[in-house]
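Here the structure is laid out as structure tokens; the discussion comes afterwards.
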């Protein structure tokens with residue numbers, strides 16, 4: 001496993017096989033590309049076209065962005081990312097700047113490798129979802145799916161937040 005470096009914006013292709021630390025202290029370990037990133041659907045998103053960047057509004061938040069998150073009728077995409085996370089006991093997933101028409105749908109889920117797994121799901125109706133778990137090292141799987149159906153989809157980004165719950 002490579003020594004974690006400070007996080008810098010990059011594509012899924014560029015970040016595969018690296019480790020980085022987010023500004024809030026959570027460490028992310030990305031395996032080789034074949035395990036880290038997968039894409040299927042009528043719109044296949046190349047790893048060079050999926051950008052991961054820090055959300056300036058959240059220290060341990062990564063935004064996934066792609067021009068291919070815009071769909072026209074009949075199109076769909078499905079991406080999956082799998083990576084390790086160290087130093088987190090809470091996560092959230094959220095859809096940013098989502099616009100859908102007709103029967104279009106976008107869903108995002110984060111599965112934390114706890115026993116049993118912690119699953120955090122967001123969609124057109126639940127734009128932001130949260131989950132908590134015991135502090136530790138976990139494998140995280142992120143799935144993001146968009147289906148235009150008879151409508152259209154425009155998604156600005158999908159946000160992934162990792163951190164420690166705030167206690168009062």
- Message: Quick check on segment 5-18. Is at least one of its residues free of Cβ contacts under 8 Å to residues at least 60 places away in the same chain, at positive phi and over 14 Å from the mean Cα position of the chain (by Cα)?
- Response: yes
- Being in a loop (DSSP other than H, G, I, E, B) and in contact (Cβ under 8 Å) with a residue 40 or more places away in the chain, is that true of even one residue in segment 82-93? no
- Considering only segment 20-29, state which residues are touching a residue at least 24 places away in the same chain (Cβ under 8 Å) and surrounded by 15 or more Cβ atoms within 10 Å (Cβ to Cβ). 22, 24, 26, 27, 28, 29
- Task: Run down 98, 52 and say which single residue is in a strand (DSSP E or B), at pLDDT 95 or above and within 14 Å of residue 155 (Cβ to Cβ).
- Result: 98
- Examine segment 137-160 for a residue that is assigned to a strand (DSSP E or B), farther than 25 Å from residue 51 by Cβ and over 13 Å from the mean Cα position of the chain (by Cα), and state whether such a residue exists. yes
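The values are calculated or read from the model by the stated rules, or taken from the named source; none is laboratory data. Here the structure is a predicted model, which is why all the values come from computation and not from measurement. Reconstructed Cβ throughout: ideal geometry from the backbone, glycine too, with neighbour counts over all protein chains shown.
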